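Following: one structure in structure tokens, then a few remarks.
The values are calculated or read from the model by the stated rules, or taken from the named source; none is laboratory data. What you see is a predicted model; the values in this text were computed from it and never measured. Ideal geometry is used to build each Cβ from the backbone, glycine not excepted, and the neighbour counts take in all protein chains shown.
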Amino acid sequence: MGTAVVLLTRDLRVHDNPALAAACAAGRVVPLYVLDPTLAGISPNRTRFLHQSLADLREQLRQRGGDLIVRSGDPVTETIRAARDSGADKVHLAADVSGYARRRERRLAAGCEQHRIALELHPGVTVVEPGAVRPGGGGDAYRVFTPYYRAWSAVTRRKLAPTPERLTLPGGLTAGDLPAPPGGESPHAVEGGENAGRRRLSTWSRQDLDGYADAHDDMAGDATSRLSPYLRWGCLSPLEVAEAARARNADAFVRQLCWRDFYYQVTRAYPKLSTQALRPAADGDWRYDDDALQHWQDGLTGVPIVDAGMRQLREEGWMHNRARLITAAFLTKHLGVDWRLGVAWFSRWLLDGDVPNNSGNWQWTAGTGNDTRPYRRFNPIRQALRFDPEGVYVRRYVPELKGIEGAAVHQPWRLPESEFRGLDYPGPLESHRDEAVWLR
């Protein structure tokens, strides 16, 4: 009977985990997670979600006779050490696309070769592997979504990996302690872990999946899946989610999963997506206004739909997809602030924050990335009137405006001056008081 190590990174699940399934097929298996100090402290919200997910994964592995081996330090050093301590001759790993993940893979490959240990990479982070489909005219990645979607839709999917029923852990290994989940920063953030993710998937699929095409932009209705944190950490298999949606003919939702894959294949080709523009010619003339940036971060711009989104971000570690577009467009196209500052702020708070989707969508909105119409502008008031027509979403997150009925909540500065002054709510930022800005 052989022994294999599976280095878990962003595949914290037992269902449809190709790397884990392959390791189990070898015989004895060492499920390993390394707490990497290089990645620590970036986001208290994600740290809490991660630690909850690790606790959930450990419990599931123990129920199957195994355990989660937890170490702290350099992931390459600790993986090689675990392999040597357990007598493993192979390491399994889910391939990833960020610059850091790719460097980790190369270092791990070199370390395994030095110690005569085989390294096997597996899919599982996306529905379709990044690089599996490429533009017909050459190039490493599609730059436009629609042709990618057509190619992506035609690819034959891999079969779901079997869920291990029993695991055999080699003797002589100490499991290691899981750190206690920190408090995080967002008081209403969802709980991490595969069990929580599968519960959310089950409930949402029953209640909202069939109506997703019509309801996903309804900001007040909040009918989006909210599965993104679980997909980001691999608590849910993106392929399993996509196949379940496709079986229900939920094409609009499947298309959103394809957008996720789209940015992963972009990041694979352009790993500096979070700092370097895909369209350098459009990346200039940014303002660096600390006061404007602070008002945007605090949800005090004086534009209710923007402020509601930014406050939801802080409260929940998550933001409605339409609010993400509105708030990002406001920062970059109205305030003229560098999109990289938006990437960093979202990365601090979002449970689902990652390099491909966070950075890719920011560049799309700023006009520096994968957008065929880079000079488009989003009018926040028109967006609010269209997607939150009665102001329910705004009043949910901006309590200062709860006394204003209906759509009037989106333009409180139009109220009589005495009423507006009594709201304890700021007017639009000084540089954007001209109401014509909102009518473009």
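Report, by residue number, each residue of the stretch 382-396 that is of a type in the set (A, V, I, L, M) and free of Cβ contacts under 8 Å to residues at least 60 places away in the same chain.
So the first thing to find is which residues in the stretch 382-396 are of a type in the set (A, V, I, L, M), and the list is 384-385, 392, 394.
Within the stretch 382-396, LEU385 is the sole residue that qualifies.
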* Structure fact -> Residue hits (the stretch 382-427; under 15 Å from GLY309 (Cα atoms) and either surrounded by fewer than 19 Cβ atoms within 10 Å (Cβ to Cβ) or not assigned by TED's automatic domain parsing to the domain that holds ALA328 (or both)) are LEU385, VAL392, ARG396, PRO399, GLU400
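Report those helices (runs of 4 or more DSSP H) wholly inside the stretch 1-117 carrying at least 3 residues which are of a type in the set (D, E, K, R).
Values: elements: 18-25, 44-63, 75-86, 99-114.
So the answer is 44-63, 75-86, 99-114.
Taking the stretch 146-170 as the search range and keeping residues that are part of a loop (DSSP other than H, G, I, E, B) and in contact with a strand residue (DSSP E or B) (Cβ under 9 Å, 6 or more places away or on another chain), which one is surrounded by the fewest Cβ atoms within 10 Å (Cβ to Cβ)? Before you say what the answer is, go through the steps one by one.
The initial filter retains those residues of the stretch 146-170 that are part of a loop (DSSP other than H, G, I, E, B), namely 155-167, 169-170.
Cutting the leftovers down to in contact with a strand residue (DSSP E or B) (Cβ under 9 Å, 6 or more places away or on another chain) gives us 161, 164, 167, 169-170.
Numbers: ALA161: 23, PRO164: 22, LEU167: 21, LEU169: 21, PRO170: 18.
Step by step, filter the stretch 146-170, then rank; the result is PRO170.
Here are PRO182, PRO229: which of them is in contact (Cβ under 8 Å) with a residue 40 or more places away in the chain, part of a helix (DSSP H, G or I) and either buried (at least 22 other Cβ atoms within 10 Å of the Cβ) or outside the structural domain of LEU61 (by TED's automatic domain parsing) (or both)?
Values: PRO182 fails: part of a helix (DSSP H, G or I).
From the options PRO182, PRO229, the qualifying one is PRO229.
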* **Output for the stretch 353-371, where each listed residue is surrounded by fewer than 24 Cβ atoms within 10 Å (Cβ to Cβ) and acidic (Asp, Glu)** => ASP371
* Do we have any residue at all in the stretch 246-258 that's assigned to a loop (DSSP other than H, G, I, E, B), in contact with a Phe, Trp or Tyr (Cβ under 8 Å, 6 or more places away or on another chain) and over 18 Å from ASP210 (Cα atoms)? -> no
* Asked: Pick from the stretch 1-45 the residues that are of a type in the set (Lys, Arg) and under 24 Å from the mean Cα position of the chain (by Cα): which of them is surrounded by the fewest Cβ atoms within 10 Å (Cβ to Cβ)?
  -> ARG10
